[in-house]
Amino acid sequence: MPVVPDVVLNNGKKIPILGLGTWGSPKGEVVQAVKDAIDIGYRHIDCAYIYQNEDEVGEGIEAKIKEGVVKREELFITSKLWNTFHSPELVRGALQTTLKDLRLDYLDLYLIHWPMGYQEGGPLFPNDDLGKILYSDVDYVDTWKAMEKLVQAGLVKSIGLSNFNKRQIERVLEVATILPVTNQIECHPYLTQKKLIEFCKSKNIAITAYSPLGSPNRPWAKPDDPVLMEDPKIIAIAKKYGKTPAQILIRYQVQLGNIVIPKSVNKGRIASNFDVFSFELNADDIAVIDSFNCNGRFVPLDNHRTHPYHPFVNDEY
């Protein structure tokens, strides 16, 4: 079993650089995927309340702990606070729902999923009659202060951000007494995020790369959208190393020092995605992959552009 390197966070805690993503993992297949991943050697699992499959993740984790395959303290489990729970008084209850679903006493990492709040007290995607998302006006810096209380209560070990831009991170840092340990962002060769990564590293905030394979199963994909894993230049590099395109894309993030969370429920692919520590991309190939950057987001949230805290407007990185 390959040894997965850790990234040391700014609070001294360690996170395995490679984890199993669960966004879009279909209900009915997640329990087995989590069991398979733990058997293969994964010790880091990335979850979120909005994925609506945390109960299955929890079942898989519990089964492997009961079997003696792994101890709770050997696992690193992340979840995320959804947009309808940004009001400070709702934050702890949202976490407790996640803990109950995951069958855990604490989380290793809890993130604010998006800087944008939605109207609270109703559906997870509250819409008006025209189908437009209804926003809440809660400021995410107030949400952050409530997240800090979760650490103080011993319910989470670390807290962080997801999908925050530079200015939004700066605003959090202005009020923070507990620093965010990571910013989880979309990151792959079409969206290399160099400026944002450089900024985060200057603040000792680690990067977690989601959609490292280009989110081929995203529900809103259009037939003519580019498919990252079918890019001829990626395929050529994969052939050169005798690896799959997915392995090249995951290895690319690892060599950049980014935590990376590829998703799969297929046992063969879960294993293949884990097998990225026996080779290295040379500097020339890294430079070639870097050159694909075209600011190509697979998760743009264009229908939220009127939200005052939309992170991807005005070319803010």
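Quick look at the numbers
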quantity: Potential lengthening between ASP284 and ASP142 on full extension [0.36 nm per residue; Cα-Cα distance subtracted]; calculated: 46.6 nm
quantity: Two-site label geometry, LYS267 and ASN293: point separation in nm, points 7 Å out along Cα→Cβ; calculated: 4.0 nm
quantity: Answer label for Kirkwood radius over Cα pairs in Å (calculated), chosen among (i) 19.9; (ii) 20.5; (iii) 26.1; calculated: (i)
quantity: Segment LYS100-VAL313, extension gain: residue separation times 0.36 nm, minus the distance between their alpha carbons; calculated: 73.1 nm
quantity: Rel. contact order, % - alpha carbon contacts under 8 angstrom, at least six apart, the chain; calculated: 20 percent
quantity: Average Cα contact separation per residue, the stretch 161-314, under 8 Å, 6 or more apart, as relative contact order %; calculated: 26 percent
quantity: Entries in LYS166/LYS239; LYS13/LYS145; LYS203/LYS267; LYS27/LYS240 that, when Cα-Cα distance is taken, lie over 30 Å; calculated: LYS166/LYS239; LYS203/LYS267; LYS27/LYS240
quantity: Gyration tensor verdict on the stretch 192-241 (Cα atoms; rounded if a/c is under 1.5, prolate if a/b is larger than b/c, oblate otherwise); calculated: oblate
quantity: Full-extension gain in nm, ASN303 to ASP55, via 0.36 nm per residue minus C-alpha separation; calculated: 86.4 nm
quantity: For THR177, THR143, THR98, order by how many other beta-carbon atoms lie within 10 Å, fewest first; calculated: THR177, THR143, THR98
quantity: Virtual paramagnetic centre 7 Å along Cα→Cβ of TYR241, amide N under 18 Å, in the stretch 180-206; calculated: 187-192
quantity: Distance from the stretch 50-89 to the stretch 100-178 (C-alpha centre basis), Å; calculated: 17 Å
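None of the figures in this text is laboratory data; all of them are computed from the coordinates on show. In this text, all values refer to a predicted model and were calculated from it rather than measured experimentally. Don't worry about glycine lacking a Cβ; one is built from the backbone with ideal geometry, like all the others, and counts go over all protein chains shown.
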